[in-house]
Every structure is written in structure tokens, then in C-alpha cells.
Amino acid sequence: MTHEHIGPGRREGTPAVRAVGLRRRFARSGGVDVLRGVELHADPGEIVAITGRSGSGKTTLLALLSGFDTPDEGTVTFTGEPAADVPWSVCAVLPQALGLAAELTCAENVALPLLLRRTPPDEVETTVTDLLDELGLADLADRYPAELSFGQQQRVALARAVGVRPSVLLVDEPTAHLDPDSAQVVLALLRRVADEGAAIVVVTHDPVVLEVADRRLRLEDGVLVPA
């Protein structure tokens, strides 16, 4: 993806993210297609939940949507534009491997993508403070990732992802390491982000996540079907 910022405008009626004919084959799977022509779209303001058994290819699908991996066939577009042609901040990701910078505090980790986008300092401070407070992490702002539980790290990574106000948010198992109260806080944030216009694609095994989704799909035999 390119690194130039674009405005929030989007083509009327165009999905925020669309995948057409995605195929992915791994040699370690015996040369079998893990994904066999996946079709997916998510509209602005919509939460799409994807379920499926472990190993069915859910995380692989998110990697293809985000550009972390390249499909053997198929295309991914954001608001009708090829993924390679849109700014990096259009699509944010909460992966299972969180990738927090160990040498940065929680607040600094959340601030990093905002600073890379040259956001004014006052806006960076307000955004970081508000997100950490919303996720119940205000008291941990000056701590380092190694000082946090995995569930706390997960919430920091989510704050980092949504801070740039992406048009598309891809989320992998956002409640897997959270207690019920923390899970509800995370789901409330995802709902707010969607209501503000982002399209969210979330991979999950958690029935509670499915309850907040606008649409539910299941990855089965390499293709998406209604759940």
C-alpha cells in the first residue's frame, strides 16, 4: 500500500473492502488449496463475522485481505481501488501475533501509527488518552508490553489499530484472551467504530462476538457460506 493520506470520501454503494476469487495454496498442506475462490465484501458501517473450524483458513483470509500475504489468484479492493493503490492507513489489523514494540510504552505503541501519519501532537495525545480510557487501560499507559497480561496487550493493539480511524478494520479473535467484562468493552468499541463508518471483518470462535455482527459467514472447504 502507498503511504499518502486520502480523505474519508467513498464511492456511493461501493463496498469498503471486496475480495473476488481468492485462492491460496500452501505446500505444507500437500498442495491443497486452503482457500478456493473466496468471495467477500463488507460495507461501511458493517461488522462481518467469519467462523470456521481451526485450520480452515480464517487467519489466512485476513492476511490476504490485509496484504500481509499474496493470493495465488484473486483480487482485493478497498472502495473499488486495488489494495496496492490505497494508503496504508485505510486498512488496520488486529492480528493474533500482536506485534507491539517492546521498547515503547502502551501509550507510545498506540501513538506510533498516528505519528507516522503526521497527526498533530494535540490530536495524538487526545486520541491515545481517549482510547486507552475507553478500553480500561488508562492506568497502564506508561507500562511496557512485557508488564501486561496478553489480554491487556491485545487491547493496546486494538487501540493502536483503530486510532488512525481506518475505513476497514480486520480483527482476528479479539476476545480470545479476555474476561467477559473486558470482552464487552472491546465489542462496544468495535460497534462504535463500525457505527462511525468503518467496515469490520472479524474472525472468531466466540458466540458473544457473533451477537454484535451484522452478518455471519462460515469458512468451509475453502469457501465462505452463510453461517
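Run lengths n ≥ 4 of DSSP H only: what is the helix-derived mean residue ellipticity at 222 nm for the chain, with -39500 (n - 2.57) per run over all residues, to the nearest 500? Provide the component values of the computation, followed by the final result.
On the way: 6 runs with 69 residues, N = 227.
Calculated at 222 nm, the ellipticity per residue is -9500 deg cm²/dmol.
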(request) Step through the residues of the stretch 64-79 one at a time and calculate ³J(HN,Hα) from phi using the Karplus curve (6.51 cos²θ - 1.76 cosθ + 1.60, θ = phi - 60°), rounding each to whole Hz and writing x for Gly and Pro. (result) 6, 5, 7, x, 5, 9, 10, x, 6, 8, x, 9, 10, 10, 10, 6
(request) For the stretch 176-189, take each phi angle, set θ = phi - 60°, evaluate the Karplus expression 6.51 cos²θ - 1.76 cosθ + 1.60, and give the result in whole Hz per residue in order, putting x for glycine and proline. (result) 4, 10, 10, 6, x, 5, 5, 4, 5, 4, 5, 5, 5, 5
(request) Can you tell me the 0 to 90 degree angle between the C-alpha axis of helix 121-134 and the longest principal axis of the chain, rounded to 10? (result) 80 degrees
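Shape of the stretch 121-196 from its Cα gyration tensor (a ≥ b ≥ c, root eigenvalues): rounded if a/c is under 1.5, otherwise prolate when a/b > b/c, or oblate?
On the way: a/c = 1.66, a/b = 1.04, b/c = 1.60.
The shape class here is oblate.
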(request) Using label points projected 7 Å from each Cα along Cα→Cβ, tell me how many nm separate Arg23 and Ala146, to one decimal. (result) 4.6 nm
(message) Can you give me the long-range amide H partners of Leu94? Hydrogens built in the peptide plane at 1.01 Å from N, cutoff under 5 Å, separation of 5 or more residues or another chain.
(response) Leu170, Val171, Asp172
(request) Mind giving me the nanometre distance, one decimal, between the label points for Ala84 and Thr126, set 7 Å out from Cα along Cα→Cβ? (result) 3.9 nm
(message) If you take every residue apart from Arg36 with its C-beta less than 13 Å away from the C-beta of Arg36, what net charge results, scoring Lys and Arg +1 and Asp and Glu -1?
(response) -3
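Between Thr14 and Asp69, what length comes free when the chain is fully extended (0.36 nm per residue of separation minus the Cα-Cα distance, one decimal in nm)?
On the way: separation 55, 0.36 × 55 = 19.80 nm, distance 2.38 nm.
My answer for the length gained is 17.4 nm.
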(request) Just reorder Ser89, Ser167, Ser54 by solvent-accessible area, largest first, 1.4 Å probe, all chains present. (result) Ser54, Ser167, Ser89
(message) Could you identify which residue out of Glu123, Glu39, Glu108 has the top mean-square fluctuation in a GNM of the chain using Cα springs shorter than 10 Å?
(response) Glu123
(request) Would you calculate the separation in nanometres between label points at Arg117 and Glu220, each defined as 7 Å from the Cα along the Cα-to-beta-carbon direction? (result) 3.8 nm
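Please report the antiparallel percentage of DSSP beta bridges with both residues in the chain, rounded to the nearest 5. Spell out each step's value before the answer.
Working: 18 of 36 bridges.
That works out to approximately 50 percent antiparallel.
How big is the Kirkwood radius of the chain, worked out from every pair of different alpha carbons and given in Å to one decimal? Intermediate values should be presented prior to the final figure.
Values: mean 1/r = 0.0560 Å⁻¹.
Evaluated on the chain, it is 17.9 Å.
Grab the Cα-Cα distance for Leu210 and Asp133, subtract it from 0.36 nm times how many residues apart they are, and report the gain in nm with one decimal.
Details: separation 77, 0.36 × 77 = 27.72 nm, distance 2.49 nm.
Additional length available on full extension: 25.2 nm.
Quick one: accessible area per residue over the chain, 1.4 Å probe, rounded to a whole number of Å²? Display every interim value, and only then the final one.
Numbers: 10990 Å² over 227 residues.
Result: 48 Å² of accessible area for each residue.
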(message) Given an 8 Å cut-off on Cα distances and at least 6 residues of separation, report the relative contact order of the stretch 140-227 as a percent.
(response) 26 percent
(request) Would you please give the residues with an amide H less than 5 Å from that of Val17, counting only those at least 5 places away or on a separate chain, with H modeled from the backbone geometry? (result) Ala42, Thr79
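Any idea what the dipole of the chain comes to, in debye rounded to 20, about its Cα centre with Lys/Arg Cβ at +1 and Asp/Glu Cβ at -1? Before the final figure, lay out the partial values.
On the way: 21 positive and 33 negative charges, 173 e Å.
Result for the chain is approximately 840 debye, rounded to the nearest 20.
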(message) Under 10 Å, Cα contacts only: if you run a Gaussian network model on the chain, which one of Asp179, Asp43, Asp206 comes out with the highest mean-square fluctuation?
(response) Asp179
(message) How large a share of the accessible area of the stretch 18-147, in percent, is made up of carbon and sulfur atoms when the probe is 1.4 Å and the other protein chains stay in place?
(response) 50 percent
(request) Pull up the DSSP beta bridges for the stretch 142-227 and report the antiparallel fraction as a percent, rounded to 5. (result) 45 percent
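The values are calculated or read from the model by the stated rules, or taken from the named source; none is laboratory data. The structure displayed is predicted, hence computed values, not measured ones. Note that each Cβ is placed from the backbone with ideal geometry, even for glycine, and that neighbours are counted across all protein chains shown. Quick note on the areas: whole protein, heavy atoms, side chains included, nothing else; ligands and nucleic acids left out. Shrake-Rupley method; radii C 1.70, N 1.55, O 1.52, S 1.80 Å.
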